[in-house]
């Protein structure tokens, strides 16, 4: 019994030390007494959006495979009208959001390059609304497309739609938000968070002279988008905490880190949190997408708090809003989603499925960290700046 008690004690001690080591990061010296408490469990590793056993998934690289069609898409020309006579349905997360519309336009562009026609292409706007999303799904399922590209609002509504699709015999490709039981194509949210976090660590030293001179660190997210999308925040959180310890962990008390929630209103949450800390000067912001970055800028401007030399704003998206924000010096960097390339992934996946070949269960977009120094490389000749209204 004594041996068992001793063993349990050692295990518990080990777990405690591991927890403190994670929360402390490089900022904590070995053996230092913790002077903080934790108010939640961090996500420290991502999970795949879907499993390997989803409908239509498997390993295949021969004729009519995903790779076979992707080579043609990247060349900007398909060898024949592969999509002739086939029906494609695509939903837009929100036509009012530039990056979403660019993504859908890219998909439609490559579908037509592959021989798809206007009459056999159905595009509906989910308008960032769950009820609209479900109604659109019902209309698409009644139309019976060969492939249904679902750019949904959240995982919960996508799950409901996916189950209906299985009953109707319609195959879905989940776009950026997983659809239960079907393959996924979209952004690697965790990788984007890590990209942004590592960039921030580099710039904190250059811009402020170290983390001790930073007054506040904001991790912004939209809880309605679900866990997979929240990885944009958690990836940044992990590398920041590993570097600086509990002082940049919004789960720790005390801490200089704050979690900020945004929904359809991109400015008011920033107004509230900036007003809560009126004396902050040097601020680090991790934003999940460009509209939230613009909201932070608008709020700081309204409150007379905007100073690009004192605010490090790291964003996600690199769309028609994000690039002008970056070029104007409002954002310092953005983990680019290069939305105009989505069609080179989605349409080859769709065609491979149409021709009866298995595709990867998860296909990630190829991202890039965009800064003022390399923006010209990715978008040559573009000079658009952010226009204040």
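The values are calculated or read from the model by the stated rules, or taken from the named source; none is laboratory data. From a predicted model like this one, the values you see are computed outputs, not experimental measurements. Note: ideal-geometry Cβ built from the backbone for every residue, glycine included; neighbour counts use all protein chains shown.
At-a-glance table
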read-out: Candidates 297, 231, 246 - the one that is over 24 Å from the mean Cα position of the chain (by Cα) and assigned to a helix (DSSP H, G or I); value: 246
read-out: Tally of residues being in contact with a helix residue (DSSP H, G or I) (Cβ under 7 Å, 6 or more places away or on another chain) and either within 21 Å of residue 55 (Cα to Cα) or modelled with pLDDT of 95 or more (or both) across the stretch 346-368; value: 10
read-out: Of all residues in the stretch 201-213 being out of contact with any strand residue (DSSP E or B) (no Cβ under 9 Å at 6 or more places or on another chain) and part of a helix (DSSP H, G or I), the one that is surrounded by the fewest Cβ atoms within 10 Å (Cβ to Cβ); value: 206
read-out: Residue tally, condition farther than 16 Å from residue 221 by Cα and either surrounded by fewer than 24 Cβ atoms within 10 Å (Cβ to Cβ) or modelled with pLDDT under 95 (or both), over the stretch 186-200; value: 2
read-out: Complete set of residues in the stretch 117-145 that are farther than 13 Å from residue 92 by Cα, part of a loop (DSSP other than H, G, I, E, B) and out of contact with any strand residue (DSSP E or B) (no Cβ under 6 Å at 6 or more places or on another chain); value: 117, 144
read-out: Selected residue (only one of 123, 170, 177 is closer than 23 Å to residue 349 by Cα and at pLDDT below 95); value: 177
read-out: Qualifying residue in the stretch 214-225 (condition: part of a helix (DSSP H, G or I), within 24 Å of the chain's Cα centre (by Cα) and in contact (Cβ under 8 Å) with a residue 60 or more places away in the chain); value: yes
read-out: Boolean, residue 148 is part of a helix (DSSP H, G or I), crowded, with 16+ Cβ neighbours inside 10 Å, at pLDDT 95 or above and touching a helix residue (DSSP H, G or I) at 6+ places or on another chain (Cβ under 9 Å); value: no
read-out: Yes/no for residue 264 being out of contact with any helix residue (DSSP H, G or I) (no Cβ under 6 Å at 6 or more places or on another chain), part of a loop (DSSP other than H, G, I, E, B) and touching a residue at least 40 places away in the same chain (Cβ under 8 Å); value: yes
read-out: Test: residue in the stretch 181-197 that is free of Cβ contacts under 8 Å to residues at least 60 places away in the same chain and in a helix (DSSP H, G or I); value: yes
read-out: Residues that are part of a helix (DSSP H, G or I) and at pLDDT 95 or above, drawn from the stretch 274-291; value: 274, 275, 276
read-out: Some residue of the stretch 67-76 being assigned to a loop (DSSP other than H, G, I, E, B), modelled with pLDDT of 95 or more and loosely packed, with under 13 Cβ neighbours inside 10 Å; value: yes
